[in-house]
Amino acid sequence: MSAVKYDTCPTCGQEQAPHSGCTISHITIAGKEHERIRVGDALDFDPDMDEGHICHYCLAGKGQFHHAGCNAESCFVCGGQCAYCACE
């Protein structure tokens with residue numbers, strides 16, 4: 001039986017395995033540092049996520065940061081989806 005291979009986060013370099021969120025907590029845009037929104041927070045794509053659940057795209061757990069490029073990460077500047085907004 002072969003081991004499961006997970007994608008690697010282009011930002012933190014970790015495998016996007018279940019409950020292993022991105023380790024980068026802040027991102028600088030136009031010279032201003034912004035704290036990223038955590039999985040399950042009020043401004044997140046899924047604010048009502050239950051404890052123990054994971055993001056269905058990047059596998060980060062509640063309270064962790066989404067991995068870069070995750071479709072469910074909310075932009076900390078405009079509130080839209082990070083993967084599709086023009087803020088970065």
* What's the percent breakdown of Cα-Cα distances in the chain across 5 Å bins, shortest bin first? -> 3, 16, 26, 25, 17, 8, 3, 1, 1, 0
* **Unit charges on C-beta of K, R, D, E only; dipole of the stretch 1-49, Debye** => 200
* Asked: With the dipole of the chain worked out from charges on the C-beta (+1 for Lys and Arg, -1 for Asp and Glu) around the Cα centre, which of G79, Q16, G40 lies farthest toward the positive end?
  -> Q16
* To do: Find the accessible area per residue for the chain; the probe is 1.4 Å, ligands and nucleic acids are left out, and the unit is Å².
  => 61
* Asked: Carbon and sulfur atoms: what percent of the 1.4 Å accessible area of the stretch 19-76 do they account for?
  -> 49
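The values are calculated or read from the model by the stated rules, or taken from the named source; none is laboratory data. Quick caveat: nothing in here was measured; it's all calculated off a predicted structure. For neighbour counting, all protein chains shown are included, and Cβ atoms are generated from backbone atoms with ideal geometry for every residue, glycine included. Side chains are part of the model used for accessible areas, which takes the heavy atoms of the whole protein and leaves out ligands, DNA and RNA. Shrake-Rupley method; radii C 1.70, N 1.55, O 1.52, S 1.80 Å.
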